[in-house]
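*Asks:* Could you have a look at this structure, given as structure tokens, before my questions?
The values are calculated or read from the model by the stated rules, or taken from the named source; none is laboratory data. These numbers come from a predicted model, not from an experiment. Heads up, the Cβs are rebuilt from the backbone with ideal geometry, glycines too, and the neighbour counts pull from every protein chain shown.
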Ligand SMILES: [Mn+2]
């Protein structure tokens, strides 16, 4: 809901006022935190530490897999912790950043803890959970923009590393057709640029890649099928969860592909990523329709991700799941074609191997 009565107090002032009632703060990022979640959590940590002097931990579940994100963490050293478990007492203010209370991909949902506050920019957010503080702005490119605006309101200098993290968050969130800036982004980005380091940004973006990454990529491209303008790729192998989204980002750049679904089984889950080109449907809506009744999805208009938990073992179960996902995706996309064509012709792949 939008605020109906204009408050004389800034958002950041109200946020800090609520946190004053607690002795410590636990900032929770979504699982497998991305640059936006990391930069947002870090920003809240600096804000609370500087203004209230209270202890703050920034935590998230899962892992950081994407090479650029790992490199970002190495270079910038954000004060984040990756955990499997959290326990929270009444004196701890839990703040969710970059995801909603009802999203399934964070530690609080899994432990049945309601957040005290939410700072986020994801769409389709329903908040049945009664939070004391809610700042959800789907029009803003990155959650980090919102947190940066708090620092700015409070007259705090982010310093070169946090500013770089926040700039990188903005960069990653404006990729793949999510290329909009709200007035707030336009206001905050030049301010962050005053402190951010272009050299560090460049280093992050050319992060070293493992040999496994190239193997994942090669086999993914060989496993991509086109059904009219809708593509599907089930990665035969995935060294980490993030390759799924990266392959989707790459494939949606193909001139013949307007919509793409990528998936890979990691541990016992099928992780999926959907991408759409601008003007060719909403990735989150298509993915929600695809996973209806079998899994959960989250994301934005042109970039979305989801998961089907507990995929049965064995090649037959996997085969059946792929077939089911293919049918669901094509139905969601309104594509009637049942036989796909390969992105790269099999003959070419085989000939190349025999050379
Ligand atoms: Mn975000």
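*Asks:* Run residue 134 past the list (1) away from the ligand (no atom under 13 Å from the Cβ); (2) part of a loop (DSSP other than H, G, I, E, B) and report the number of the one that doesn't hold.
*Replies:* Going through (1) away from the ligand (no atom under 13 Å from the Cβ); (2) part of a loop (DSSP other than H, G, I, E, B) one by one, residue 134 breaks only (2).
*Asks:* Condition first: farther than 27 Å from residue 120 by Cα, crowded, with 21+ Cβ neighbours inside 10 Å and more than 16 Å from the ligand (Cβ to nearest atom). Can you find one or more residues in the range 206-216 that meet it?
*Replies:* Yes; the residues of the range 206-216 include at least one that is farther than 27 Å from residue 120 by Cα, crowded, with 21+ Cβ neighbours inside 10 Å and more than 16 Å from the ligand (Cβ to nearest atom).
*Asks:* Given the criterion in contact (Cβ under 8 Å) with a residue 40 or more places away in the chain, over 26 Å from residue 213 (Cβ atoms) and crowded, with 19+ Cβ neighbours inside 10 Å, identify the matching residue among 305, 299, 281.
*Replies:* 281
*Asks:* Step by step: first the residues of the range 137-146, then only those that are surrounded by fewer than 20 Cβ atoms within 10 Å (Cβ to Cβ) and within 12 Å of the ligand (Cβ to nearest atom), then the one that is modelled with the highest pLDDT. Which residue is that?
*Replies:* 137
*Asks:* Check every one of the strands (runs of 3 or more DSSP E) wholly within the range 1-112 and list those with 2 or more residues that are away from the ligand (no atom under 16 Å from the Cβ), at positive phi and buried (at least 22 other Cβ atoms within 10 Å of the Cβ).
*Replies:* none
*Asks:* Out of 260, 272, which single residue is under 18 Å from residue 34 (Cα atoms) and not in a helix (DSSP H, G or I)?
*Replies:* Exactly one of 260, 272 is under 18 Å from residue 34 (Cα atoms) and not in a helix (DSSP H, G or I), namely 272.
*Asks:* Does residue 286 satisfy the criteria of being surrounded by 12 or more Cβ atoms within 10 Å (Cβ to Cβ), touching a helix residue (DSSP H, G or I) at 6+ places or on another chain (Cβ under 7 Å) and assigned to a helix (DSSP H, G or I)?
*Replies:* Yes.
*Asks:* Sticking with this structure for a sec: How many of the residues in the range 147-163 are outside any loop (DSSP other than H, G, I, E, B), more than 15 Å from residue 48 (Cβ to Cβ) and away from the ligand (no atom under 16 Å from the Cβ)?
*Replies:* The total comes to 5.
*Asks:* Could you tell me whether residue 141 is under 24 Å from residue 194 (Cβ atoms) and part of a loop (DSSP other than H, G, I, E, B)?
*Replies:* Considered against the rule, which asks whether it is under 24 Å from residue 194 (Cβ atoms) and part of a loop (DSSP other than H, G, I, E, B), residue 141 comes out as yes.
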